[in-house]
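Below is one structure, written out as structure tokens; the observations come after it.
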Amino acid sequence: MSNFRVNENTDPAALVVTTPIYYINGEPHIGHAYASIAADIIVRFKRLDGCEVHFSTGTDEHGIKVARSAQAANADSYEFCNIMSGTFQNMNKAINLSEHDFIRTTEERHKKSATAFWKLLEKDIYKNTYAGWYSVRDEEYVPESEIVDGKAPSGAPVEWVEEDSYFFRLSSYQERLLRYYEENPDFIAPPARKNEVVSFVRNGLKDLSISRSKFTWGIPVPDAAPHVMYVWVDALTNYITSLGFPENKDNVSAMMRNCIHIVGKEILRFHAVYWPAFLMSAGISLPKRIFAHGWWTHDGQKMSKSLGNVVNPFDTIKNYGLDQLRYFLFREVHFGEDGDFSEKALQDRTSYDLANDIGNLVQRVLAFIQKLGGFLTINYDFTPSEKILFDNARELVGKMRTKIDKQDLHGALDTVWSLIAESNKFVNDMKPWVLVNTDTLRLNAILTVLCESIKAIAFGISPFMPDTASKIFGFINTRGEAFIELENNFTDQKFPVPIPLFPKEK
Ligand code: ME8
């Protein structure tokens with residue numbers, strides 16, 4: 001069985017990956033870029049691996065938070081959304097997000113989907129009055145017991161709300177949810193976060209208020225004016241809107257089974273408790289996995305507008321380079337844990353891991369081939385030590401696959417960097433420059449295996465650093481479109497002149 005084939009247990013037609021859809025009350029920042037790049041890395045890996053992937057992202061445009069931001073900007077809510085959603089679409093271009101569906105909750109297709117979804121929940125909905133605390137910043141109802149010093153656990157201010165509201169019978173899903181977590185141990189990851197969710201549900205679920213009747217910026221509850229849907233019901237539905245709901249419910253349900261939601265840890269409860277309960281009520285399959293990633297601070301401090309320390313992805317990319325940022329975010333911390341962003345750490349990663357490790361390997365091997373005239377007579381007749389490197393290169397993608405399937409993005413990069421280190425050591429040990437005048441056959445075999453290793457490395461970094469990978473593919477006359485190309489041997493050929501991948505002045 002080849003290493004490069006699609007996983008047998010992965011239905012190639014139905015893989016779905018999602019990012020959160022972002023509130024547009026402010027400009028995109030590095031945290032938004034992080035979640036989106038994470039999803040993009042998984043998507044790119046799976047596409048290279050031969051899977052068809054549906055990738056969705058977008059903007060969450062309803063609710064009091066956005067309505068108030070529009071008011072503060074003296075703008076009409078919808079006009080405000082158009083402008084702000086545009087900045088998120090610009091971010092997607094800036095971070096090189098691969099082909100995706102960008103969904104806005106103000107789009108007609110979504111209103112239709114949320115309305116149809118609400119109707120599927122109706123047997124679990126009843127009308128009552130909500131009287132309690134609400135955090136606009138978190139768009140979340142906060143139980144009295146969680147209020148600390150007059151604030152939500154997140155530190156956000158709360159306000160008192162008392163109004164007619166529709167409720168969802170969340171309490172009746174407690175046992176079913178607990179059973180589902182038990183029977184599907186990988187449904188929520190990482191495990192520590194899963195334990196938090198399980199204990200939250202064990203502590204008892206209260207019915208959830210799912211409509212608001214004192215403001216209008218939302219999707220109307222069917223036949224129930226003046227109620228609009230609670231923004232989280234509206235927002236979560238985006239995932240199935242993007243899959244074509246309400247058309248082809250069965251197909252949407254089948255695709256959901258192979259769906260991975262990437263979310264930040266602060267919104268895990270919405271995705272791992274409320275969303276599955278809604279889906280159970282609607283008769284739609286639950287996603288395959290909800291992965292909660294950690295949060296970034298900046299130079300040790302929480303990022304906030306009031307502190308003025310929010311890291312802007314556009315400026316960071318301009319100053320340090322896109323692939324450098326994409327690499328840094330997934331190398332610096334384990335995906336799932338919190339991390340601290342600093343310009344110094346980003347520069348260090350660029351100098352050591354990128355310029356020194358991979359940049360140097362590619363340059364020293366390919367510039368050396370140029371010294372020999374740029375033409376390589378390929379030789380696959382390997383000695384045992386050459387064969388070890390060859391096998392490791394050919395096994396790289398298979399090793400990465402097991403990590404990527406667990407969303408272990410850091411571990412996947414680790415395997416690539418081991419091959420880079422092994423290859424650099426191989427050059428040092430084999431000293432090809434000594435062989436130039438003594439043993440052309442060995443020299444050709446050594447350079448062949450190094451080109452094989454560089455090819456595997458380029459494929460390995462491609463989901464993380466697509467521009468850098470495509471430069472390397474260009475240097476070694478490889479298309480770089482699918483892992484299956486790793487099975488092809490090189491043939492005698494002329495190599496183009498390489499240019500340094502990470503020049504020092506960047
Ligand atoms: O919660 N570090 O939108 P949002 C890492 N609209 N990631 C961060 C981050 C940080 N400092 N700050 C934000 C919402 N994020 C809802 C989601 S989904 C149906 C609705 C990322 O604009 C992280 O992924 O507040 C987080 O979950 C997301 O941005 C929240 O974006």
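The values are calculated or read from the model by the stated rules, or taken from the named source; none is laboratory data. This one's a predicted model, so the numbers in the text were calculated from it and none came from an experiment. All Cβ positions, glycine included, derive from the backbone under ideal geometry; neighbour counts span all protein chains shown. Calculation scope for accessible area: heavy atoms of the full protein, side chains included, ligands and nucleic acids excluded. Shrake-Rupley method; radii C 1.70, N 1.55, O 1.52, S 1.80 Å.
Worth a mention:
- For the residues 99, 122, the requirement of being more than 26 Å from residue 167 (Cβ to Cβ) and either open to solvent by 60 Å² or more (accessible area, probe 1.4 Å) or free of Cβ contacts under 8 Å to residues at least 60 places away in the same chain (or both) singles out 99.
- Hey, residue 256 more than 19 Å from the chain's Cα centre (by Cα) and more than 11 Å from the ligand (Cβ to nearest atom) or not: no
- The listed residues are 141, 130, 134, 166, and the only one of them that is touching a His at 6+ places or on another chain (Cβ under 8 Å) and buried (at least 18 other Cβ atoms within 10 Å of the Cβ) turns out to be 166.
- Among residues of region 266-315 being in the same structural domain as residue 210 (by TED's automatic domain parsing), in a loop (DSSP other than H, G, I, E, B) and away from the ligand (no atom under 13 Å from the Cβ), the one that is most open to solvent (accessible area, probe 1.4 Å) is 288.
- Pick from region 90-130, criterion over 13 Å from residue 241 (Cα atoms) and of a type in the set (Gly, Ala, Ser), ranking: farthest from the chain's Cα centre (by Cα): 94
- Residue match in region 381-393 (condition: of a type in the set (A, V, I, L, M, F, W, C), more than 19 Å from residue 486 (Cα to Cα) and in contact (Cβ under 8 Å) with a residue 12 or more places away in the chain): no
- Residue in region 327-337 that is within 12 Å of the ligand (Cβ to nearest atom) and of a type in the set (Asp, Glu) present: yes
- Here residue 379 fulfils each of the conditions (1) in a helix (DSSP H, G or I); (2) more than 23 Å from residue 414 (Cβ to Cβ) apart from (1).
- Taking each residue of region 15-28 that is within 7 Å of the ligand (Cβ to nearest atom) and looking for partners that are open to solvent by 20 Å² or more (accessible area, probe 1.4 Å) and of a type outside the set (Phe, Trp, Tyr) with beta-carbon atoms closer than 8 Å, six or more apart or interchain, yields 20/267; 22/32; 23/65.
- Among (1) touching a strand residue (DSSP E or B) at 6+ places or on another chain (Cβ under 6 Å); (2) surrounded by 14 or more Cβ atoms within 10 Å (Cβ to Cβ) - the single one residue 494 does not satisfy: (2)
- Checking the stated criteria, residue 238 turns out not to satisfy the condition of being away from the ligand (no atom under 16 Å from the Cβ) and closer than 14 Å to residue 55 by Cα.
- A single entry from 252, 221, 198, 233 fulfils the requirement of being farther than 15 Å from residue 21 by Cα, out of contact with any His (no Cβ under 7 Å at 6 or more places or on another chain) and buried (at least 19 other Cβ atoms within 10 Å of the Cβ): 252.
- Test for residue 382: is it among the hydrophobic types (A, V, I, L, M, F, W, C) and over 27 Å from residue 499 (Cβ atoms): yes
- Of the helices (runs of 4 or more DSSP H) lying entirely inside region 421-506, the ones with 3 or more residues being closer than 13 Å to residue 368 by Cβ and not aromatic (Phe, Trp, Tyr) are found at 432-435, 440-461.
- In region 188-211 there is at least one residue matching the filter, namely being more than 24 Å from the chain's Cα centre (by Cα) and within 16 Å of the ligand (Cβ to nearest atom).
- Out of 424, 437, one residue alone is at pLDDT below 95 and either open to solvent by 50 Å² or more (accessible area, probe 1.4 Å) or not hydrophobic (A, V, I, L, M, F, W, C) (or both). It is 437.
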